[in-house]
1. Please tell me the relative contact order of segment 74-123 in percent, rounded to the nearest whole number, where contacts are Cα pairs under 8 Å and at least six residues apart.
2. For ASN118, list long-range residues whose amide hydrogen, built 1.01 Å from N in the peptide plane, is under 5 Å from its own amide hydrogen.
3. Given a 1.4 angstrom probe, what's the average accessible area per residue across segment 392-481, in square angstrom?
4. Find the accessible area per residue for segment 1-143; the probe is 1.4 Å, ligands and nucleic acids are left out, and the unit is Å².
5. For segment 283-339, would you read off the P(r) tail past 13 Å as a percentage of all alpha carbon pairs?
6. Suppose a student asked you for the relative contact order of segment 355-441, using Cα pairs under 8 Å spaced at least 6 residues apart; what percent would you report?
7. What is the extension gain from ALA381 to ARG449, computed as 0.36 nm multiplied by their sequence separation minus the C-alpha to C-alpha distance, in nm to one decimal?
8. Gap in Å between the Cα centre of segment 459-476 and the Cα centre of segment 26-84?
Amino acid sequence: MRVLLVSPRLAIQKGDFLGSGVPYWPIELAVLATRLRDLGRDVSVIDLFGAGTRTFTESGDHYLQGRPIEAYAGSEAVRDAGVVVIYAISYMSHAEVLGLVRWFRSEHPRVPVLVMENAQAVTAYSLPRVADAFFDAGAHGLAIGDVWPVWESIERALLDPDEEGPANLCLASQRGGDPSLWSRPRDDHRRHPIPAWDLFPLEGYWALPYAHGPKQRKYLPVLTSRGCPYPCDFCVVPETNDRRWRGDDPEHVAGMLIELRDRFGVFDFHIEDLNPTVRSERWSAICEELIRRDAGVRFYFVSGTKAETVKLDQVGLLARGGCRFLSISPESGSKSVMKAIGKPFDYTHGLELVRACREHGIRTQACFLVGHPAETGEDRAASEAYLRSMVRAGLDEAAIFIVAPFAGSRLYADEKIELRGGLGALPTFTPKGRDDFGVVDAARKRLIRAFFIEKLKKGADLWMQGLRGVLGRPQTKMENLPLRVVFVMSRVAGLRARRTLGRAARFPGSARDGVAA
Ligand code: SF4
């Protein structure tokens, strides 16, 4: 039987380079592809984003980046599919994922369509929270949590309505009930399948002049652990992972990097784990193994890890093992906001870690958020003061997010923040649908300004970062930005030009006179 795996287009909010548009890869879909092959299934992949990174389509308040699914109508992959799996990679692409479900149901009414949760991203969402929307669109089933270990029973339940499915599958026939009671089975595997990247359009990702981490010509994202033990109230991960953290064996991780290096000629790896360093000794063992095997690879912790779990006396070993970038998440400079979030932060350790990384040539990023419902003006001032002290300690970059209600987070369940437009509003980390968006956006801009002012005081550092960014040799994420802005703006300009030419052809005179048709 042929299983068709589909990854959606990327949604980019118009005029927003801070809260949407980051090209995440469908890692867990590629892991499932490996499992399917091991089980002897035929696997096809349609990665709409990767196959069309230069194609932009306008859709209300955002653009969709990638090839539209209609381009595959009548293709062998669609025609021969026995089961279709659509990957709900990001909450920002929710409307696109729903559209894909509808398209497959009308194109291929008899083929089961399964929507698969992305449990390993803070930008994703908990499918039970939006189950009705998927079933109304025609999905046969929703698979939540870890899918690859239980694929065979999912497949049996999809193809045979009398078959009982595993706990992490909800079928259309069982819809209803309390979605918060659906369970995600434990996946305690210490050796996850190595993603089948050969099935994906890697060149499309590599041709982009930007990435989630500092962009190298060729790179691959990897997961070395799953889940996170912390309970942050703005985050979907406590629900999608039941606060369980599972790390792969160090030898397996080192072996995976070396195998990917040899298969794809890639030496740079973006570690996309939610919280890679939860057991700090695991990364020491991974580095020792990489050094012992003379791997010659570089790796970048590109998602904010918990700073306290990286020990100061471990930083030198991380650097020797190949670490070049570390993102940490202070979130807020205010202890009372951190208490409301549910995650403590050791501010002294944060500064010492930044200093230690600078000494060992590891670039650092600190992630802050603004707009938490518990945040006051004093708390924002505390964040600014702490950010300034981090820059003085040697911080390379800051990422400032605005809190948004992602489906599955506690803030979403408590309805503490509403977005105008409800489910129709694009949920991003620049949530323009918030009633107080003007206030929280101004707070973000103040933090960004404080960061740059403090950086300028430090001399040539910032200028060198700008130069590397313009030359396309980034060592931090922020250095991706110049080429990313040029790329996106040029695609948007092309879109507008085509639209204007289209109008001119249909209504001669309107384009020349600048009159909207
Ligand atoms: S530390 Fe908090 S924000 Fe980060 S993944 Fe865990 S729960 Fe989410």
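1. Details: 44 pairs, mean separation 24.9, N = 50.
Once normalised by length, the contact order is 50 percent.
2. ALA88, TYR125
3. Working: 4240 Å² over 90 residues.
Result: 47 Å² of accessible area for each residue.
4. Working: 4350 Å² over 143 residues.
Using a 1.4 Å probe on heavy atoms only, each residue of segment 1-143 averages 30 Å².
5. Values: 1032 of 1596 pairs.
Value for segment 283-339: 65 percent of Cα pairs lie more than 13 Å apart.
6. Working: 91 pairs, mean separation 25.2, N = 87.
It comes to 29 percent, rounded to a whole number.
7. Working: separation 68, 0.36 × 68 = 24.48 nm, distance 1.30 nm.
Difference between extended and current length: 23.2 nm.
8. 35 Å
The values are calculated or read from the model by the stated rules, or taken from the named source; none is laboratory data. Quick caveat: nothing in here was measured; it's all calculated off a predicted structure. Note that each Cβ is placed from the backbone with ideal geometry, even for glycine, and that neighbours are counted across all protein chains shown. We work out accessible area using only protein heavy atoms, side chains counted, and drop any ligands, DNA or RNA first. Shrake-Rupley method; radii C 1.70, N 1.55, O 1.52, S 1.80 Å.
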